[in-house]
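Some notes on the structure that comes next.
The values are calculated or read from the model by the stated rules, or taken from the named source; none is laboratory data. All of these numbers come straight from a predicted model, not from anything done at the bench. Heads up, the Cβs are rebuilt from the backbone with ideal geometry, glycines too, and the neighbour counts pull from every protein chain shown.
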Amino acid sequence: MTGQLHHVMSPDDVAPNTGRGGDIRVVLGPATVGATSGFMGVVLIAPGDRVNEHYHPYSEEFLYVVEGSVVVDLDDVPHEVGTDQAVLVPIGVRHRVRNTGTSPARVLFQLCPLAPRPDLGHVDTEQVS
């Protein structure tokens, strides 16, 4: 026995964050399960919607498209990512995720390592339009 508490979580267990575009839900992270090395979640992006450009000064971000397709702009270079495809967003790279298709997209994300403080982990470079 490790003494750790284990949690099974669902996106339905987490309040949506729509302030940056899309419907972002951090499912496993410091606030939800006490994670100490990173966090994971899902973003739902409706057709024509996007998650606005930002970067992470301390973390790599892994994006995996579970459903639909998206365009991931990495430092203004567009990359089409379809169902069952993934892309790595290196530390410090500006990125946005756009749904240019006609069906909803579901994208899994994981970031690690954590920033020294939550307020240092995410830098917005554009506002929700």
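Sub-7 Å Cβ pairs linking a first residue in segment 15-28 that is closer than 17 Å to residue 104 by Cβ and in a strand (DSSP E or B) to a second residue that is modelled with pLDDT under 95 and of a type in the set (Ser, Thr, Tyr), at least 6 apart or interchain, number zero.
Per-residue answers, yes or no, for (1) surrounded by fewer than 18 Cβ atoms within 10 Å (Cβ to Cβ); (2) at pLDDT 95 or above:
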| site | (1), (2) |
| --- | --- |
| 35 | yes, no |
| 69 | yes, yes |
| 84 | yes, yes |
| 95 | no, yes |
| 101 | yes, no |
| 107 | no, yes |
| 111 | no, yes |
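Checking 86, 35, 31 one by one, the residue that is farther than 16 Å from residue 108 by Cβ and aliphatic (A, V, I, L, M) is 31 and no other. Evaluated against (1) under 14 Å from the mean Cα position of the chain (by Cα); (2) more than 14 Å from residue 43 (Cα to Cα), residue 85 falls short on exactly one condition, (1). Out of curiosity, is residue 119 of a type in the set (Asp, Glu), closer than 18 Å to residue 20 by Cβ and at pLDDT below 95? It is true that residue 119 is of a type in the set (Asp, Glu), closer than 18 Å to residue 20 by Cβ and at pLDDT below 95.
Per-residue answers, yes or no, for (1) assigned to a loop (DSSP other than H, G, I, E, B); (2) under 22 Å from residue 38 (Cα atoms):
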residue	(1), (2)
48	yes, no
63	no, yes
79	no, no
102	yes, no
107	no, yes
115	yes, yes
